[in-house]
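**Q** Got a structure for you, written out below as structure tokens; questions coming shortly.
Any read-out appearing in this document is the output of simple, stated calculations on the displayed coordinates, not a laboratory observation. Note that the structure is predicted; figures quoted are calculated from it, not measured. Cβ coordinates were reconstructed from backbone atoms using ideal geometry, including for glycine residues, and neighbour counts include every protein chain displayed.
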Amino acid sequence: MSLVEVNVPDIGGASDVDIIEICVKPGDNVTVDQSLIVLESDKATMEIPSPQSGVVDSLLIKVGDKVSEGHPILTLRTAEKGAMPQPTAAESVAVPVNSEVRVPDIGAAKDVTVIEVLVKAGDEVNAEQSLIVLESDKATMEIPAPFAGRVTALSVAVGDKVNEGDVIARVSGTAPPASKVVTPIASVVTENRASTETGTSNSIESPQGAIPPQLPAQDNSGKVHAGPAVRKLAREFGVDLGRVSGSGPKGRISKTDLQSFVKAGMQQLKSGAGSGFGLPSVNLPDFTEFGTVERRPMSRIHRATAENMVRSWLTVPHVTQFDEADITDLEAFRQSQKAVAEKKGIKLSPLPFIVKACAYALEMYPQFNVSLDIERSEVIQKRYVHIGVAVDTPAGLVVPVIRDANRKGIWELASEMAELSGKARDKKLKPGDMQGGCFSISSLGSIGGTAFTPIVNTPEVAILGVSKASMKPWYSGEAFVPRLFLPLSLSYDHRAINGAEAARFTSLLAELLGDLRRLLL
Ligand code: CAO
């Protein structure tokens, strides 16, 4: 066991580079090449890896410190004896003088990805203005224009893999005075090309010879500051880092910043707040130009309904299955029960029969009685049958829930439905009255229409729309006879239910409503 000191390796002559992240703490086990700290200059971030494995004994730096080559970083307890291997000195690469901009010395790194192309052919660029951004496993590097001029050609695109010496662009222009050159390495290059209008790149060899950061002292405000790990994560999330605000030095974006951005986006999606699910907002014209208007606030119910509808519309792949039930016999039975209903003080519409039939069908086809937990890739099967019924009220649409509808008889369902819709219209429903639904019914039968496409009441996976029953000629095999048909429109979440199942479900509903005796079986 020996105690060794790990120092900042050769960083190509750059000095006073900021420490922006410390990736380990005393007591941590580290392996060879595991990142210890992250340095950042105006142009590059560079992770300094551990040259050998061991246990971190003590940290000799803190975030915000400025370090140069040789600065002690930490002490490491290692199993091996002997001196700590230190990286070899970096060499500035003398690139041939011409107007081609080439990938500089990138040490041992091969096939480094072009992650950003910041200019296009024809652009005027300043000396040291970044042309492209490269990213390896451990570092990002901006390749700057060697002098002010015009980009005459670009040879790379985002996603290309490049190696040292590959031509990335051609720039033509005139060399600035040497005093304007900001880095010593660039200065050498500029002097070289002063008479020939050339381009080149400078480089700093990474500690393990694989990281090629550029460190010219140039103001890079407005550009994204983020390390390779954060950039990679952002690409995985599909997040444009330009939209993320960084909390680090010079606005550097940390992993936490990115996570917070994604989390906020998810919350916005859940609540439907803000601009509305990240969708472009609709620019309203000034309606008063066209006539008299008045504005009134949306009710709480209206707002909640609007949010639920958008959420469901955007997240559920909807399909609607249409069918019709011959309710001639049901209607005759219902009419025959009117006197009984009056005695009981209950109004008997077709709806309680439909609720009962749906409860039965949900038991027969339990795949309609689920919710999807997409994040966990799980289907949540419900072992209860609670059915919501949409009620139209002056304040907006509400969906009170009839609990255990499968265990209730027609009279009980009718009476509960009357009570809930009464409460809904009197604004007396409690939140609990509207929660826990497994399936919803939206009946427009008393109003009219032949079919419609209801929106699934998420997280449920299906909803039955009921339109107005009407008499139609039906062929008995011998003659056309008048029968009363009830239109059914079943919208469902195609992630949970397939088309054949939906067709079976509505067929069963039609059979049940066509012959109420089936409900007893
Ligand atoms: N076909 C033909 N007639 C129908 C019918 C249908 N499908 N459904 C109901 N009726 C008849 C009833 O039988 C009743 O007539 P009778 O008095 O002669 O029997 C009449 O229409 C009125 O019924 P109702 O509306 O009082 O009762 P209901 O049980 O059918 O509906 C309720 C109750 C609360 C669902 C209803 O009042 C309501 O609010 N419907 C609107 C729901 C809605 O807005 N859905 C859209 C959601 S998506 O925007």
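**Q** Please rank 23, 358, fewest neighbouring Cβ atoms within 10 Å first, as an exposure proxy.
**A** So the residues, fewest neighbours to most, are 23, 358.
**Q** Right, here's the next one. If each residue of separation counts as 0.36 nm, what is the full-extension length gain between residue 68 and residue 451 once their alpha-carbon separation is subtracted? Walk me through the intermediate numbers first.
**A** Details: separation 383, 0.36 × 383 = 137.88 nm, distance 7.46 nm.
Here the segment from residue 68 to residue 451 would lengthen by 130.4 nm.
**Q** Next question. Mind listing the long-range amide H neighbours of residue 128? Cut-off is under 5 Å, sequence gap 5 or more, other chains count too, H placed in the peptide plane at 1.01 Å from N.
**A** 145, 147
**Q** Shifting gears a bit: Obtain the nm distance between the two label points defined at residue 120 and residue 293 by a simple spin-label model: each point lies 7 Å from its Cα along the Cα-to-C-beta direction.
**A** Going from the residue 120 label point to the residue 293 one covers 3.7 nm.
**Q** Within 10 Å of each candidate Cβ there may be at most 13 other Cβ atoms; applying that plus a DSSP loop requirement, which chymotrypsin sites (Phe, Trp or Tyr not before Pro) in segment 340-448 survive?
**A** Answer by residue number: 384.
**Q** Using the Karplus curve 6.51 cos²θ - 1.76 cosθ + 1.60 with θ = phi - 60°, work out ³J(HN,Hα) for each residue of segment 444-449 in order, rounded to whole Hz, and write x for Gly and Pro.
**A** In residue order, the calculated couplings are 10, x, 7, 9, x, x Hz.
**Q** If amide hydrogens are placed 1.01 Å from N in the peptide plane, which non-local residues have theirs closer than 5 Å to the one on residue 118?
**A** 132, 133
**Q** With labels modelled as points extended 7 Å from the Cα through the Cβ direction, what inter-label distance (nm, one decimal) is found for residue 286 paired with residue 28?
**A** Distance between label points: 5.9 nm.
**Q** With each label point set 7 Å from Cα along the Cα-Cβ vector, what nm distance links residue 256 and residue 332?
**A** Each label point is offset 7 Å from its Cα along the Cβ direction, giving 7.5 nm.
**Q** Between residue 428 and residue 318, what length comes free when the chain is fully extended (0.36 nm per residue of separation minus the Cα-Cα distance, one decimal in nm)?
**A** 36.4 nm
**Q** Moving on. In segment 478-519, what trypsin sites (Lys or Arg not before Pro) fall in a loop by DSSP, with at most 15 other Cβ atoms inside 10 Å?
**A** Numbers: sites: 483, 495, 504, 517, 518; in loops: 495.
Those satisfying the criteria are 495.
**Q** What whole-number value in cubic angstrom gives the convex hull volume per residue for the C-alpha atoms of segment 302-342?
**A** It is 120 Å³ per residue.
**Q** Ok, one more. Restrict the search to segment 280-323; then list the trypsin sites (Lys or Arg not before Pro) that DSSP places in a loop and that have at most 13 other Cβ atoms within 10 Å of their Cβ.
**A** Answer in residue order: 295.
**Q** Additional query: Residue 383 to residue 111: FRET efficiency via 1/(1 + (r/R0)^6), r the Cβ-Cβ distance, R0 60 Å, to the nearest 0.05?
**A** Working: r = 55 Å, r/R0 = 0.91.
The formula returns an efficiency of 0.65 here.
**Q** Would you please give the FRET efficiency between residue 471 and residue 511, computed as 1/(1 + (r/R0)^6) with r the Cβ-Cβ distance and R0 = 22 Å, to the nearest 0.05?
**A** After rounding to 0.05, the efficiency reads 0.65.
**Q** Test of understanding: ordering 75, 140 by Cβ neighbours within 10 Å, fewest first, what list do you get?
**A** With the sparsest Cβ surroundings first, the list reads 75, 140.
**Q** Extension gain residue 235-residue 501, at 0.36 nm per residue separation less the Cα-Cα distance, in nm?
**A** 91.9 nm
**Q** Place a point 7 Å from Cα of residue 365 in the direction of its Cβ. Which residues in segment 495-521 have their backbone N less than 17 Å from it?
**A** Backbone N within reach: 495-515, 519.
**Q** For a footprinting-style exposure proxy, rank 501, 478 by other Cβ within 10 Å, fewest first.
**A** In increasing order of surrounding Cβ atoms, one gets 478, 501.
**Q** Would you please give the residues with an amide H less than 5 Å from that of residue 485, counting only those at least 5 places away or on a separate chain, with H modeled from the backbone geometry?
**A** 327, 470, 471, 472
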